[in-house]
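Reviewing the structure listed below.
Any read-out appearing in this document is the output of simple, stated calculations on the displayed coordinates, not a laboratory observation. Quick caveat, the model's predicted, so the values are computed rather than measured. For neighbour counting, all protein chains shown are included, and Cβ atoms are generated from backbone atoms with ideal geometry for every residue, glycine included.
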Amino acid sequence: MHDLLIRNALLLDGLGAAPVHGDLAVKDGRIAALGRDLGPARETLDADGLALMPGIIDNHTHYDAQLTWDPAASPSPALGVTTAIIGNCGFTIAPCRPQDRERIMRNLTQVEGMALDVLRAGIRWEFETIAQYFSMLERRGTALNVAGFVGHSSVRTYVMGDDAPRRAASDAEIEKMRSIVLGGMQAGAIGFASSTSPAHNGEGGIPMPSRLADEKEMRALVGCLKEAGRGVFMLTKGGQTGMPLLEELAADSARPVVVAALLHNSTNPRVVFDDLDAIAAAGARGRRMAGAVSCCPLSMDFTLHSPYTFEGLAAWKPAMGLAADAYRAKLADAGFRAAVRDEIASPATFRLFNGEWDKVQVVEAARPEHGRYEQRSIAALAAQAQADPLSFMLDLALAENLDTVFTALLLNSDEDAVGRMLRHPASLVSLSDAGAHLTFFNDAGYGLHLLGHWVRERGTLTLAEAARKLCGDVVALFGIRERGALRPGYWADLMLFDPAVVNRGPKHRVRDLPANGARLTTPALGVHGVWVNGVRVADAAGTRGIDCLPGKMLRDFAA
Ligand SMILES: [Zn+2]
């Protein structure tokens, strides 16, 4: 007798095969059989033409902190995600000595847009090492399956303390870091993650520690993966990190390399395609590499209290880490504004904001007399006022105690270009950033957006192709075993959905974080059921609450 029988579904195998109509049976948490006349089950569900695919494997999340207070990993399971990879960009919370907790949290507030009072009230610090952190997640349970990277910045902080964001490491320090990375791999990490991106700054605009690593340190730490014989190297790269070095790292370690974050920039439209083509060429030379792309437009809500949008600019640095009055004076300063304007006008390989003021809008004005600005672009408002756009935005914010909420459509807004990126053979659909930047945006529903927007609305991918990109491609690259495909014997991680309706709904603000913190979220549309290891974690009405924790800590990856 099966535990569950889902009948009459359009089965998408997650590997790209043409969809077939059929039944799927689940027993003891695994897919028992596929086909017709599979025999009796304790529970039978008539799918009535809905599509059934493997659960989505979100390969770029930042749930490291959230999972310690929210094992339900809200909102991902309701959005079809059954496995989350954490620790991306190297921003983990383990290893961490007790005296470094405050520093790690303060860095996260900046680099991942998490509020300090949320982190202080929320994080359960019941660990010091990576192994202890994984064990804690396992002990307390999670709604979805979790796999974690060893995070370069945390490893560096653990070994170098105050000096981690300041200087290159000595040979002795590199040796200590190597032993921590190897220990993390032994504890079951899925790989090693790092960042060289200038957009990644800790508190006060100080670079995140991994940005201080020289080539020698990078080679040594990525070399740990060769020694472990497992694991993926993931890097969010800055413009100065060349593709030839990354190809060398892939060749020397004989491990896959995931290159992030390849987002399309309308003011420098070739650069992501150059990167993807270089990755494809490396693939032709036998390296396993993938370029992490997003299927979502990158838009960010922000206020000038914490303008992540601009903080990657060198010219913005003087404004960071200032106390309130000094900060305001800086924003008003003509020289500061001129420097920012100049930098935005100069070419760059990767930059969040590139002076597209027509894509920056006022969402919410704080003062009633400014209500007429709402939903209008800074370009239009500045033209009307015969003002410079940057000055218009800053003056408006200064007049409103910096409380004006703006939104900026930063990258990935050219849909023809994004469509080509999604179809590029070297691309990996990624970059949800779930768990981070919660007040700026929430792309945890990227998989539903892929199925609704890119499959149904635009026809860029077929359903089978999209399911493969969300599942089969990811497990193959990351070496995740017995998941990501509808196959007998595989774990029953499943999503049942209506292809005619599936999408993510409009974003809205909720206050459900520790310390009453706010975040943006999006509801699921057209999702009828999500199962993790055979247990239903979400139905058409949403998730089943924090007591439903069937997820596993994944620690055993293919070589
Ligand atoms: Zn990230």
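Here is the size of the range 255-413 from its Cα atoms: Rg then Dmax, 18.2, 62 Å.
Largest first and in whole Å, the equivalent-ellipsoid semi-axes of the range 402-510 read 27, 17, 15, each the square root of five times a Cα gyration tensor eigenvalue. Taking other residues whose beta carbon is less than 13 angstrom from the beta carbon of GLY459, and scoring Lys, Arg as +1 and Asp, Glu as -1, yields -1. Here's the thing: no lysines lie within a cross-link span of LYS359, going by alpha-carbon distance under 16 Å and ignoring same-chain residues fewer than 8 apart. Diffusion of the range 268-345 by Stokes-Einstein, at 10 °C in a medium of 1.306 mPa s and with Rh set to the Kirkwood radius over alpha-carbon pairs, works out to 101 µm²/s. A simple charge model with +1 on the Cβ of Lys and Arg, -1 on the Cβ of Asp and Glu and nothing else charged puts the dipole of the range 121-225 at about 220 debye relative to its Cα centre.
Residue separation of ALA366 and ASP117 scaled by 0.36 nm, minus their Cα-Cα distance, works out to 87.3 nm of gained length. Given their separation in residues at 0.36 nm each and the Cα-Cα distance between them, HIS21 and GLN240 gain 73.9 nm when the chain is fully extended.
Ordering of 88-95, 148-155 by packing is 148-155, 88-95, highest average first (other Cβ atoms within 10 Å, averaged per residue). In the chain, helices alone account for a calculated mean residue ellipticity at 222 nm of -8500 deg cm²/dmol, with every DSSP H run of four or more residues adding -39,500 (n - 2.57).
Debye-formula intensities of the range 1-125, expressed as log10 I(q)/I(0) at q = 0.14, 0.16, 0.21, 0.22 Å⁻¹, are -0.73, -0.81, -1.13, -1.22 (one equal scatterer per alpha-carbon, no solvent). Note on the range 237-291: the C-alpha convex hull projects to 3.4 nm² when averaged across all orientations.
As a length-normalised measure over Cα pairs under 8 Å and 6 or more apart, the relative contact order of the range 449-547 settles at 22 percent. Treating the range 331-408 as a set of equal point scatterers at the Cα positions, no solvent, please give the Debye-formula log₁₀ I(q)/I(0) at q = 0.20, 0.25 Å⁻¹. Cα-only, vacuum Debye calculation for the range 331-408: -0.90, -1.29.
In the chain, Cα pairs under 8 Å separated by at least six residues give a relative contact order of 22 percent.
For the range 321-473, the square roots of the Cα gyration tensor eigenvalues, ordered a ≥ b ≥ c, give a/c of at least 1.5 with a/b greater than b/c, which places it in the prolate category. The range 2-54 gives an Rg/Rh value of 0.94, both radii derived from C-alpha positions and Rh following Kirkwood. Extent along the principal axes, Cα only, for the range 206-248: 33, 22, 17 Å, with the longest axis given first. Charged side chains reduced to their Cβ positions (Lys and Arg at +1, Asp and Glu at -1) give the range 462-501 a dipole of some 140 debye around its Cα centre. The tail of the calculated P(r) for the range 448-559 beyond 19 Å holds 58 percent of all Cα-Cα pairs.
Spacing of the modelled spin labels on HIS305 and GLU128, each 7 Å from Cα toward Cβ, amounts to 3.6 nm.
Treating r as the C-beta distance of ALA251 and ARG167 and R0 as 30 Å, the FRET efficiency rounds to 0.55. Neighbours of LEU212 by Cβ distance under 13 Å: Lys/Arg scored +1, Asp/Glu scored -1, total -1. Each principal axis of the Cα cloud of the chain was taken in turn, and the coordinate range along them, longest first, works out to 75, 59, 47 Å. Taking the number of Cβ atoms within 10 Å of each Cβ as an exposure proxy, the fewest-first ranking of PHE273, PHE497 is PHE273, PHE497. The average projected area of the range 120-168, computed from the convex hull of its Cα atoms over all directions, is 4.5 nm².
Can you pull a Stokes-Einstein diffusion coefficient for the range 43-195 at 37 °C (0.692 mPa s), Rh from Kirkwood over Cα pairs, as a whole number of µm²/s? Once the numbers are plugged in, D ends up at 200 µm²/s. Think of each Lys and Arg Cβ as +1 and each Asp and Glu Cβ as -1; about the Cα centre, that makes the dipole of the chain roughly 760 debye. A simple count of charges around PHE127, restricted to other residues whose Cβ falls under 12 Å of its Cβ and scoring Lys, Arg +1 and Asp, Glu -1, yields +1. Per residue, the Cα convex hull of the range 116-205 amounts to 133 Å³. Dimensions of the range 45-115 based on its C-alpha atoms, expressed as ranges along the principal axes with the largest first, amount to 56, 21, 20 Å.
Excluding same-chain neighbours fewer than eight residues apart, the lysines reachable from LYS317 by a Cα-Cα span under 16 Å are LYS330. Taking every C-alpha pair closer than 8 Å and separated by at least 6 residues, the mean separation divided by the residue count of the range 361-459 gives a relative contact order of 21 percent.
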